[in-house]
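Notes follow the structure.
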Amino acid sequence: MKTRISMIFVISAGLTAVQAQPQTPRPVVHAYHITEQITVDGILSESAWQGPGFSDFIQRDPNQGEQPSERTEVWVAYDDAAIYVAARLYDASPDSIMQLLGRRDAYITADWFNLYLDPYHDRRTGYFFALSASGTMYDGTLLNDDWTDDSWDGVWEGKTSVDELGWALEMRIPFTQLRFHQKDEYVWGVNFKRTIGRKNEFDYMVYTPRDESGFVSRFADLVGIRGVVPLRQIEVLPYVNARAEYSNEPVGNPFHNGSRYLPGVGADFKVGLTSNLTLDATVNPDFGQVEVDPAVVNLSDVETYFQEKRPFFIEGANVFEFGYGGSSDFWSFNWSNPAVFYSRRIGRSPQGRLPSYDYVDLPLGTHILGAAKLTGRLFDTWKIGTIHATTNREFARVSTGGNQTKVEVEPLTYYGIGRVQRDFNDGRQGVGFIGTYARRMFSDPRLRNEINSDAIVAGADGWTFLDEEKTYVVTGWGVFSHVRGTASRILSLQTSSQHYYQRPDASHVEVDSSATSLTGMAGRVMLNKQKGPMILNAAFGIIDPGFDVNDLGFQWRTDRLNGHIALGYKWTTPTAVFRDLRLRASTFVTYDHGGNKTWHGYWHTGSIQLPNYYSFYWGFAYNPHTMDNTRTRGGPVMLTLPGREIYLQVSSDSRKSIVLGLYGFTYHRANEPSFQIEASMEWKPMPSFSLKFGPYFGRDRTQAQYVTTIDDALAASTFGRRYVFAVLDQATLGASLRLDWTFTPHLSLQLYMQPLISAGDYHDYKELTAPRTFNFLRYGDNGSTFEELFDGSGQVTSYTVDPDGSGPAASFGVPNRDFTVTSLRGNAVLRWEYRPGSILYFVWTRSSFGSLADGRFNFSRAVDRLIDTETANILMVKFTYWFSM
């Protein structure tokens, strides 16, 4: 109650302190109609650029509110097909212009010019188009007034030139690439930004002050465009590819002889149904050019989350974001919002189990037969998005004893998602709705007991500002889920790591073996202070034990009641000591629905940027005693001992040819020291080349790493089961290597490699002696016995445990969990955009994986295995050709 009263007092005091800010006139930019043809070459020779342009820029950084150090002049023109923008960026030292060259959408430290457009004039959304002094193109969309999303790639033209006056540029953006309401005369929002890289200077037409929020809502008005009719254009992007796969297969494998050659053909379509609605569709899509996922060693009971990288799904993904409207900042402690829509479920790895086999040919993913996406606006005010996709029925080929069979591992599946959202009152309030549906059509009855038959999710979200100046905002969301399947399938779901209904000491959940559905809900409400030097953020969220969105979404945990309150202060006016200083502190707590406090902590973090643009970040946290309701993997609650966390990060000036970074982290609780050190280096020896290298090393000791559960009625104190743990000492060494070589703005080579070595040594096996404690019986002590079993080579394969020696309890076996894992993944992509929107790819992908039942970290042996482990290589050529009708 004290926390709640204090929070209300802070809010009230803040609201009282808010004063009406004087309204400054909104700038106006004129666009002029032209009839002459503009040659987009970066040379301002056309008559449209000879008159006076807009030049009233103002600094945001480094000296907010001051006049720019260099003059900029901008012109805007249009014809019936496109809008044109030209800019003259004067520079007293043209030889010092940062002309670093990167591949498309690589926003590197350089000199830039950004154009921002709000064609709907809703002062919350829009587009951005940017050119670097070397001609690198960067574009994307604007959303939620403050955020950007660079997943959208428009088809437009832009060229630059450098001369004795500085540099200049021209852009041509077809109206077909923009969405806007048809009118006789248009008023759009517009903004310009210039970046002078060597000075870290950012000049705007209108900017967001450092201690405030709101960007699109501040845009100037672009006037003068009239008589333009949005065209209902059809864009087609067919592709053909050829793939060669090479791998080292065992002798006798009837499915693979070590090489395979696969052709492919498909197409993407973009259709302007109206001026406000666009249909995207893909038939037989191929994503062979995307970067490989990083290798991970996951010893937890939680699925690893991987980012979406497939172009069809990442473009416009912000339309389907849920629960993030209104506020410019979202904080979480021991909480992660469930992702109602996780597009990687479409085309996921097959879920069906396999029988025992000698050889298997298993698809890596389910094949997407087709997908369609509709986005835009209805009735001029409702933003909508919907995706419909169908994935193929997948089979694994299995060979056992020389007999080959086909086993269905994934049924034919339909996925659908719908999203609508609307804001009111100049963005001061907003409301949205979302729904997803997954439906599987089984032909093999066996799969009905292994995979959900269908799942429905529905939710609503929204926000409201509490004051006229948009200083305080409350956001919230709520979601309902309903999953159906056979009684056997729902029983497996109830006892899975997401739910653990079988917990013997949990009074708020119980297993229902006859249930054919599972229903749950989740929600969260949050308060954020958007403006001013004081920081305030608070939230409370709930996830029901039965909540499940994993058919088309992603969630980490259920059964949570979580809240936090955070306060802080930021100094954004540069001084002789720092350029920016921020301090924050918070407290947070998590309970389950049975009243167990499962996490609690006190946290502080800070950051400072020095006058030389070196930055430091630090933080520490303390976590007192809490309870863990998942560590026994469905067993009773365990005690979690107190812990302390400290981290520090340092980064150097990104303008330099060598950029360095260092990160250190340690977490320590009783006899459980853990640390990780990461370094990063970026080397830019010439404007078109960069090499990034990031090694890391960590050691972790876990006093109670889960091993297995053994049924034993004599283990009465732990509800008839023995929960076996071990001390785990794990060491991990890895690195990421990324090379970018950009030959021209349209031709680039990118190489990515990730070596990984991880070793885990399990020892001191033991069992939990009582719930709600951290007390164990170490095997080999107090009359128990522990015996190692060896194979012919002297390698420990398993252990035999007798928990009471000569007593009545039966002995049991425990596997040797020791491991050393080596992995080397990478790919190289040569990308040539030979004409706007049309791309030729040459791709090489490499992957290798090896493992040993040995927990000793031996660097030289691991490196040898990295080199000698059997490797799979894929070579691919992909040709796309964009055209419109």
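Worth a mention:
- Options 464, 436: the member that is hydroxyl-bearing (Ser, Thr, Tyr), closer than 30 Å to residue 276 by Cα and either open to solvent by 30 Å² or more (accessible area, probe 1.4 Å) or touching a Cys at 6+ places or on another chain (Cβ under 8 Å) (or both): 464
- The stretch 556-568: number of residues that are in a strand (DSSP E or B) and open to solvent by 20 Å² or more (accessible area, probe 1.4 Å): 4
- When the stretch 439-459 is filtered for residues that are open to solvent by 40 Å² or more (accessible area, probe 1.4 Å) and either polar (S, T, N, Q) or over 27 Å from residue 407 (Cβ atoms) (or both), the ones remaining, listed by number, are 443, 449, 456, 458.
- Per-region count, the stretch 626-651, residues open to solvent by 60 Å² or more (accessible area, probe 1.4 Å) and among the aliphatic types (A, V, I, L, M): 2
- Within the stretch 548-568, being touching a Lys or Arg at 6+ places or on another chain (Cβ under 8 Å) and of a type in the set (Asp, Glu) holds for one residue alone: 551.
- Residue check, residue 524 part of a strand (DSSP E or B), of a type outside the set (A, V, I, L, M, F, W, C), under 20 Å from residue 461 (Cα atoms) and open to solvent by 10 Å² or more (accessible area, probe 1.4 Å): yes
- Scanning the stretch 149-178 for residues that are under 27 Å from residue 470 (Cβ atoms) and crowded, with 21+ Cβ neighbours inside 10 Å yields no hits at all.
- Residue ID - farthest from the chain's Cα centre (by Cα), chosen from residues in the stretch 605-618 that are within 24 Å of residue 537 (Cα to Cα) and open to solvent by 40 Å² or more (accessible area, probe 1.4 Å): 609
- Among the criteria (1) among the polar types (S, T, N, Q); (2) within 23 Å of the chain's Cα centre (by Cα); (3) at positive phi, the one residue 421 does not fulfil is (3).
- Residue check for residue 359: open to solvent by 20 Å² or more (accessible area, probe 1.4 Å) and either modelled with pLDDT of 90 or more or in contact with a Leu (Cβ under 7 Å, 6 or more places away or on another chain) (or both): yes
- Residue check, residue 35 part of a strand (DSSP E or B), at pLDDT below 95 and among the β-branched types (Val, Ile, Thr): no
Okay, residues lined up against (1) modelled with pLDDT under 95; (2) out of contact with any helix residue (DSSP H, G or I) (no Cβ under 9 Å at 6 or more places or on another chain); (3) closer than 30 Å to residue 136 by Cβ; (4) not aliphatic (A, V, I, L, M):
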| site | (1), (2), (3), (4) |
| --- | --- |
| 824 | yes, no, no, no |
| 829 | yes, yes, yes, no |
| 853 | yes, yes, no, no |
| 861 | yes, yes, no, yes |
| 874 | yes, yes, yes, no |
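- Taking the criterion of being open to solvent by 30 Å² or more (accessible area, probe 1.4 Å) and part of a strand (DSSP E or B), the only residue of the stretch 89-113 that qualifies is 90.
- Residue satisfying condition, being surrounded by 14 or more Cβ atoms within 10 Å (Cβ to Cβ) and polar (S, T, N, Q), within set 248, 276, 257: 276
- Test: residue 539 is crowded, with 19+ Cβ neighbours inside 10 Å and modelled with pLDDT of 95 or more: yes
- For the stretch 569-598, the set of residues classified as touching a Lys or Arg at 6+ places or on another chain (Cβ under 9 Å), open to solvent by 50 Å² or more (accessible area, probe 1.4 Å) and among the hydrophobic types (A, V, I, L, M, F, W, C) consists of 571, 583, listed by residue number.
- Filtered residues of the stretch 477-487 (kept if in contact (Cβ under 8 Å) with a residue 40 or more places away in the chain and open to solvent by 20 Å² or more (accessible area, probe 1.4 Å)): 477, 478, 480
- Scoring residue 38 on the criteria (1) crowded, with 19+ Cβ neighbours inside 10 Å; (2) within 37 Å of the chain's Cα centre (by Cα); (3) more than 30 Å from residue 427 (Cβ to Cβ) leaves a single failure, condition (2).
- Which numbered condition residue 654 fails, given (1) of a type in the set (Gly, Ala, Ser); (2) open to solvent by 40 Å² or more (accessible area, probe 1.4 Å); (3) more than 30 Å from residue 65 (Cα to Cα): (3)
- In the stretch 790-802, the residues that are farther than 13 Å from residue 819 by Cα reach residues that are surrounded by 13 or more Cβ atoms within 10 Å (Cβ to Cβ) and charged (D, E, K, R) with C-beta atoms within less than 6 angstrom, at least six apart or across chains, in these pairs: 800/787.
- Answer from 116, 120, 84 - the residue that is over 16 Å from residue 193 (Cβ atoms), in contact with a Phe, Trp or Tyr (Cβ under 7 Å, 6 or more places away or on another chain) and open to solvent by less than 30 Å² (accessible area, probe 1.4 Å): 84
- Breaking point among (1) of a type in the set (Ser, Thr, Tyr); (2) closer than 30 Å to residue 307 by Cα; (3) assigned to a loop (DSSP other than H, G, I, E, B), for residue 116: (3)
- If you go through the stretch 721-750 and keep only what is of a type in the set (S, T, N, Q) and within 30 Å of residue 768 (Cα to Cα), you end up with 730, 732.
- Where residue 710 falls short, out of the listed (1) open to solvent by less than 20 Å² (accessible area, probe 1.4 Å); (2) of a type in the set (Val, Ile, Thr); (3) touching a Lys or Arg at 6+ places or on another chain (Cβ under 6 Å): (1)
- Where strands (runs of 3 or more DSSP E) sit wholly within the stretch 720-828, those with at least 3 residues that are surrounded by 21 or more Cβ atoms within 10 Å (Cβ to Cβ) occupy 721-744, 747-768.
- Residue under evaluation residue 71, criteria (1) surrounded by fewer than 18 Cβ atoms within 10 Å (Cβ to Cβ); (2) farther than 30 Å from residue 473 by Cα; (3) at pLDDT below 95, criterion not met: (3)
- Being free of Cβ contacts under 8 Å to residues at least 60 places away in the same chain and of a type outside the set (Asp, Glu) holds for only one residue in 125, 136, 109, 148, and it is 148.
- Within the set 717, 798, 793, the sole residue that is modelled with pLDDT under 95, of a type in the set (Ser, Thr, Tyr) and within 30 Å of residue 502 (Cβ to Cβ) turns out to be 798.
- Scanning the stretch 87-107 for residues that are among the aliphatic types (A, V, I, L, M) and modelled with pLDDT under 90 returns a single hit, 106.
The values are calculated or read from the model by the stated rules, or taken from the named source; none is laboratory data. If you're wondering where the values come from, they're calculated on a predicted model, not measured in any experiment. Neighbour counts are summed over all protein chains in view; Cβ atoms, including those assigned to glycine, are modelled from backbone coordinates with ideal geometry. Surface accessibility is based on the protein's heavy atoms, side chains included, excluding ligands, DNA and RNA. Shrake-Rupley method; radii C 1.70, N 1.55, O 1.52, S 1.80 Å.
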